[in-house]
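Structure first, commentary second.
What follows draws every value from the coordinates through simple rules; no lab data is involved. Predicted model, so just to flag it, every value in this text is computed and none were measured. A quick note on method: Cβ atoms are made from the backbone with ideal geometry, for glycine too, and the neighbour counts reach across all protein chains shown.
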């Protein structure tokens, strides 16, 4: 399975960071949050970060424009889920909320979609225990924080084969 479209659920600091590095790597990202202001803040933060990178010569204006064209912000969960190859949940660290999200993912996503949680404190097995397709549930922690420049530039290409072999 080739990952082309990523749904990131939750537009806080973690979700917007995941969205930023993913669009920078060339993926189409649907960044979803129930709060329109959170989406506006996330998009503004991503644009600010990219502008800093352009100013430091780490990214060209054209690369920034291309990356930003890959970002779709939405309050609609179905829009973020329906075509995604990979969903990354990045909501509050609350087991009940995360389990509710995974129930929704199972209902809204295609059967082959990989369902990831960006949890830092909760067992991924408990989060995924409420759905039938447990074989598609993975935990994913901070791939965008890699210090290696090439790894940071293309994080999903480096980790996706490992994720896919674990999830498929």
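Below are the figures for this structure:
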quantity	calculated
Segment residue 122-residue 48, extension gain: residue separation times 0.36 nm, minus the distance between their alpha carbons	23.5 nm
Pair residue 83, residue 4: separation of 7 Å Cα→Cβ label points (nm)	0.9
Model label zone, residue 112; criterion: amide N under 18 Å from point 7 Å along Cα-to-beta-carbon; scope the range 18-37	28
Rounded FRET efficiency, nearest 0.05, which uses the C-beta distance separating residue 134 from residue 37 and R0 of 41 Å	0.75
